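Have a look at the structure below, then the notes.
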Amino acid sequence: MNSNEIKKLDKEKIVATYNRYDMVAGSGKGARCISVDGKEYIDFTAGIGVNSLGFCDDGWVKAVTEQLGRLQHVSNLYYTEPQVKVAKMLTERTGLEKVFFGNSGAEANEAAIKTARKYGSVSKGIEKNKIITLNNSFHGRTMATITATGQEGYHKYFTPFLDGFDYCDANDIQQLEKLVDENTCAVMMEMIQGEGGVLNLDEAFVKAAERICAEKDILFIADEVQTGIGRSGKLFAYEHFGVVPDIVTFAKGIGGGLPIGGAIFGKKCCDVLEPGNHGTTYGGNPVACAGAVEVLSRIDDAFLGDVAAKGEYIREKLLDIPQVKSVSGMGLMLGVEIEGKEAGQAVSDALEKGLMILTAKDRVRLLPPLTITYEELDEGLKILKDVLA
Ligand SMILES: *Cc1c(COP(=O)(O)O)cnc(C)c1O
C-alpha cells in the first residue's frame, strides 16, 4: 500500500482516538525513521520514550528474535527464565524486593493501586482507602488510572469514576499534610510530570512525601513509566531526589519497543498480592522480557552518564535558540518552553523538515532514543532551530 491508501484506510477503519501527524512510518534504524514514501526523519520521540535503544538496535533484535524462535508464550501458570532475569535485574538495581509484570503503564499503575488498597484494608484496617495523587499528573487511561490522573480534562464522559482519590498541588507540602488522613493508603506521583508539561517536582516536596508516608505507614508510589529505565540519566528518576519509594511502576522504556510494564515492590508491600488477587495473560511475556533483559543490561553506569551528558548538551544548545524561553526535565526527557509559535505547530513544522518531536501541554517535548549520537542530535537541533526561527 502507498501512504495515501494507508491514511485513507486508517481514517475509515480505525477509531479516531489519536490525532495522527502526517507521516506513515515504514522502517527505522537507531534515531532515524524512514516513511513509506522514503523520506528520512531524525527521531526525537523514541515512540514516546519507548524505543530506549532506538529503532531496531542489533543486539535487541538478536535477543528478541532468539527468544521468539525458542518460546513465544506459555502463560503465567508456568515458570520462564526471561521473566526471572528481568525481575532479578530490577530488584538488584533498586534494592526493592519483588516485581509484578503487566503490559503497559496503566496496568503497572493498576497493580500499584490494587496493592495499596489491599495494604490499607488488610495491614492497616482501613475501610475507605484513599489514594492521593497530584494535580496535573498522568497515570493512564483505564478507569482507575484516569481517576488517579489529576487533570479535569480527563474526567469527562466516563462517569462514575472511582471513589477514594484526592488531588494535591505539586510541591505544596502543607496541602499534602492536610490531605493525608486516617483513610489514606498511598501517595502516588511522577518525579517529572511528563504529559503535564515535563515539570520537575521539587526535591523538598518529594522528600516530604516520603517522610509523611513513612511516618503514617502509607505507601509511597513513584510512577516511573515515563521517567524510568535511564531516561532521566539515572535508572529511575527518584534516585535524583534522594528517596526510596515503596512501589515503583515502570513500562515505556523497558521493553525497547515491546509491550511490557509492571511494578517493583519494597519490603513493606512485596507480599500483599497473593494468588488470585491479580494477574494478566500476557504479563511478563518471554519475548518482551528478552527485550527488557537486553535494554537493562545495556543501561549500565557508563551508559547513564552518557544520557546525562547528552541531556546537558541538548539543554545548552536549546538555550542558545532565541525563541527558547526555558528548558525543563532531566537527562533525555526535556520540556522546551518556546515563544512565537504554538508547540503543536512547531511539531508539524519540524516533521515537514524531517524531525520528529512531541508536545507536552504548551511545551515542545523531546524524548530521543537514549542511544542517539551527537551527530544525530546536532542534525535534529539544527532543524528545530530553523523551525522556531
Ligand atoms: C504513558 C504513561 C502512563 C500510561 O502508560 P500506557 O502504557 O499508555 O498505559 C502512565 N504514567 C505515566 C507517567 C506515563 O507517562
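The values are calculated or read from the model by the stated rules, or taken from the named source; none is laboratory data. Quick caveat: nothing in here was measured; it's all calculated off a predicted structure. Because the Cβ atoms are built from the backbone with ideal geometry, glycine has one as well, and the counts that use them run over all protein chains shown. Each accessible area value is taken on the protein alone, full model and side chains, heavy atoms only, with ligands, DNA and RNA left out. Shrake-Rupley method; radii C 1.70, N 1.55, O 1.52, S 1.80 Å.
Table: residues versus (1) over 22 Å from Ala343 (Cα atoms); (2) of a type in the set (A, V, I, L, M); (3) at pLDDT 95 or above.
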| position | (1), (2), (3) |
| --- | --- |
| Arg20 | no, no, yes |
| Gly30 | yes, no, yes |
| Asp37 | yes, no, yes |
| Ile42 | no, yes, yes |
| Ala46 | no, yes, yes |
| Leu53 | yes, yes, yes |
| His73 | yes, no, yes |
| Asn76 | yes, no, yes |
Of the residues in the stretch 100-127, those that are in contact with a helix residue (DSSP H, G or I) (Cβ under 9 Å, 6 or more places away or on another chain) and more than 10 Å from the ligand (Cβ to nearest atom) come to Phe100, Phe101, Ile113, Lys114, Ile126, Glu127
Of (1) over 18 Å from Gln193 (Cα atoms); (2) more than 16 Å from the ligand (Cβ to nearest atom), Met143 satisfies every one except (2)
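Can you tell me which residue within the stretch 197-208, out of those that are within 16 Å of the ligand (Cβ to nearest atom) and open to solvent by less than 20 Å² (accessible area, probe 1.4 Å), is farthest from Ile247 (Cα to Cα)? Walk me through how you get there before you give the answer.
At the first step, the residues of the stretch 197-208 found to be within 16 Å of the ligand (Cβ to nearest atom) are 197-201, 206.
Then keep just the ones that are open to solvent by less than 20 Å² (accessible area, probe 1.4 Å); that gives 197-198, 201, 206.
Working: Gly197: 24, Val198: 22, Leu201: 18, Val206: 14 Å.
This residue is Gly197.
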Considering the stretch 68-83, residues that are open to solvent by 90 Å² or more (accessible area, probe 1.4 Å) and in a helix (DSSP H, G or I), and then whichever is nearest to the ligand (Cβ to nearest atom), we arrive at Leu68
In the stretch 326-355, residues that are under 18 Å from Asn19 (Cβ atoms), open to solvent by 30 Å² or more (accessible area, probe 1.4 Å) and in contact with a strand residue (DSSP E or B) (Cβ under 6 Å, 6 or more places away or on another chain) total 1
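Has the stretch 218-228 got at least one residue that is open to solvent by 10 Å² or more (accessible area, probe 1.4 Å), within 16 Å of the ligand (Cβ to nearest atom) and at pLDDT 95 or above? Before the answer, list the steps.
Restricting attention to the stretch 218-228, the residues satisfying the condition of being open to solvent by 10 Å² or more (accessible area, probe 1.4 Å) are 225-226.
If we keep only those that are within 16 Å of the ligand (Cβ to nearest atom) as well, we get 225-226.
Right, trim to at pLDDT 95 or above and you get 225-226.
Checked the stretch 218-228: at least one residue is open to solvent by 10 Å² or more (accessible area, probe 1.4 Å), within 16 Å of the ligand (Cβ to nearest atom) and at pLDDT 95 or above.
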The correct count of residues that are assigned to a loop (DSSP other than H, G, I, E, B) and in contact with a strand residue (DSSP E or B) (Cβ under 6 Å, 6 or more places away or on another chain) in the stretch 29-62 is 6
Reported set for the stretch 146-170 where residues are buried (at least 17 other Cβ atoms within 10 Å of the Cβ), away from the ligand (no atom under 16 Å from the Cβ) and over 25 Å from Lys118 (Cβ atoms) is none
Residue set Thr65, Thr91; condition open to solvent by less than 40 Å² (accessible area, probe 1.4 Å), outside any loop (DSSP other than H, G, I, E, B) and of a type in the set (Ser, Thr, Tyr); output residue Thr91
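When only residues in the stretch 128-140 that are open to solvent by 10 Å² or more (accessible area, probe 1.4 Å) and part of a loop (DSSP other than H, G, I, E, B) count, which is nearest to the ligand (Cβ to nearest atom)?
Narrowing the stretch 128-140 to residues open to solvent by 10 Å² or more (accessible area, probe 1.4 Å): 128-130, 135-136, 138.
From what is left, the residues that are part of a loop (DSSP other than H, G, I, E, B) are 128-129, 136, 138.
On the way: Lys128: 25, Asn129: 20, Asn136: 12, Phe138: 5 Å.
Filtering first and then ranking leaves Phe138.
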For the stretch 241-275, the count of residues that are closer than 20 Å to Ser123 by Cβ, small (Gly, Ala, Ser) and either within 14 Å of the ligand (Cβ to nearest atom) or not assigned by TED's automatic domain parsing to the domain that holds Phe205 (or both) equals 1
